[in-house]
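What follows is a set of notes on a single structure, which appears directly below.
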Amino acid sequence: MKTQHEEDATALPSVLRFDAVGLNYKTRSGTTTALEGLNIDIAEAEFVSVLGPSGCGKSTLMKIASGLLPTTSGSAKLSGQVITGPNPEVGVVFQQPTLLPWKTVLENVLMPIRSLGLPQKQYRSRAMQLLDLVNLSDFANNYPYELSGGMQQRVGIARGLVHDPKVLLMDEPFAALDAMTRETMMGELQRIWMETRKSVLFITHSIPEAVFLSDRVVTLSQRPGRVIDDLRIDLPRPRQLQDMTSAEFGAHSARLRQLFVDMAKSADPQEATA
Ligand SMILES: Nc1ncnc2c1ncn2[C@@H]1O[C@H](COP(=O)(O)OP(=O)(O)O)[C@@H](O)[C@H]1O
Ligand SMILES: [Mg+2]
């Protein structure tokens, strides 16, 4: 399978770059190679989804980008600097929003400010603006248990953006939500991205989610994860949920689905010969 690189289609500078990244986990029974020779380049204001089968190393990629895990080989760079630890230019949103139950919504949004040692007072109005952006300004003083799953995940997004990072990393942020909420959140995230224009690395294993949201969809192989496809999605924005039934949307989805069919075949030799 060929990797389709269309890097020069964007003139914007690279913000997050993975260069020949390899990552081995040492386990009691030996070594697990999670990533191998992985190259991804994300430009300023670009929304890139990383799609891949379960266990292929997507969360590992996120941990490297957020500075929690050093690479075994190759390098991960943020604005040209090798990532060596957590960086204020990075914001993260996880699958579970993991809000602190004893803190209000506003206090939860301000958590990164506290851990980065930034002045909380100065960021309060920004946090309120972000709560407004995610349509939760009426809930600033409520507690997480008073919010639905979708609302909690919106708090998670506001928290990821509160310190105004250059890059937002999102690891399957909608995976725990029901199908209807998930679709609403796709629309919400598109709107938030169009207003903030952050570089986004969005991890998912949903093809429609990736096509709907992205400028590019990067597909990883089974473990060890490396890039097997890099697809540009040129559909105009704002994209509507009903666009998902369009011929262009269908063509992109079909191409991505085929990659997964081929991967499943190569993992199961019996099926490959059937
Ligand atoms: N801390 C760890 N120690 C050992 N192996 C790990 C660790 N974290 C992940 N792995 C292994 O690395 C591979 C990739 O994991 P992960 O990045 O979580 O995949 P994904 O997010 O794509 O499902 C998996 O085989 C997983 O079992
Ligand atoms: Mg994962």
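The values are calculated or read from the model by the stated rules, or taken from the named source; none is laboratory data. Every value quoted in this text rests on a predicted model; they were computed, and no experiment measured them. Cβ placement follows ideal geometry from the backbone for every residue including glycine, while neighbour counts extend to all protein chains displayed. Accessible surface areas use protein heavy atoms only, side chains included; no ligands, DNA or RNA. Shrake-Rupley method; radii C 1.70, N 1.55, O 1.52, S 1.80 Å.
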Self-check item: Residue list for the stretch 129-142, restricted to those being surrounded by fewer than 20 Cβ atoms within 10 Å (Cβ to Cβ) and outside any helix (DSSP H, G or I)
Solution: 135, 140, 141, 142
Self-check item: Given (1) surrounded by fewer than 18 Cβ atoms within 10 Å (Cβ to Cβ); (2) assigned to a helix (DSSP H, G or I); (3) under 18 Å from the mean Cα position of the chain (by Cα), index of the condition residue 145 fails
Solution: (3)
Practice problem: Determine if the stretch 120-128 includes at least one residue that is crowded, with 18+ Cβ neighbours inside 10 Å, outside the structural domain of residue 13 (by TED's automatic domain parsing) and within 19 Å of the chain's Cα centre (by Cα). | Solution: no
Exercise. Would you check if residue 3 is surrounded by fewer than 21 Cβ atoms within 10 Å (Cβ to Cβ) and either at pLDDT 95 or above or within 13 Å of ligand 1 (Cβ to nearest atom) (or both)?
Key: no
Self-check item: In the stretch 162-188, the residues that are more than 16 Å from ligand 1 (Cβ to nearest atom), part of a loop (DSSP other than H, G, I, E, B) and open to solvent by 10 Å² or more (accessible area, probe 1.4 Å)
Solution: 163, 164, 166, 177, 178
Quiz item: Restricting attention to the stretch 214-234, which residues are over 21 Å from residue 57 (Cα atoms) and either touching a Leu at 6+ places or on another chain (Cβ under 8 Å) or not in a loop (DSSP other than H, G, I, E, B) (or both)?
Solution: 232
Quiz item: Pick from 159, 191: which is charged (D, E, K, R) and either open to solvent by less than 10 Å² (accessible area, probe 1.4 Å) or not assigned by TED's automatic domain parsing to the domain that holds residue 77 (or both)?
Solution: 159
Practice problem: Enumerate the pairs (first residue in the stretch 149-175 and without any contact (Cβ under 8 Å) to a residue 12 or more places away in the chain and of a type in the set (Asp, Glu); second residue anywhere and assigned to a strand (DSSP E or B) and crowded, with 24+ Cβ neighbours inside 10 Å) with beta-carbon separation below 6 Å, excluding pairs fewer than 6 apart on the same chain, so at least 6 apart or on different chains. | Solution: none
Practice problem: Could you figure out which of (1) more than 16 Å from ligand 2 (Cβ to nearest atom); (2) touching a Pro at 6+ places or on another chain (Cβ under 9 Å); (3) not aliphatic (A, V, I, L, M) isn't true of residue 86? | Solution: (2)
Exercise. Please verify whether the stretch 257-264 includes one or more residues that are surrounded by 13 or more Cβ atoms within 10 Å (Cβ to Cβ) and polar (S, T, N, Q).
Key: no
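This table checks each residue for (1) over 16 Å from residue 218 (Cα atoms); (2) open to solvent by less than 10 Å² (accessible area, probe 1.4 Å); (3) outside the structural domain of residue 189 (by TED's automatic domain parsing).
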| position | (1), (2), (3) |
| --- | --- |
| 30 | yes, no, no |
| 39 | no, no, no |
| 49 | no, yes, no |
| 52 | no, yes, no |
| 71 | yes, no, no |
| 80 | yes, no, no |
| 104 | yes, no, yes |
| 115 | yes, no, yes |
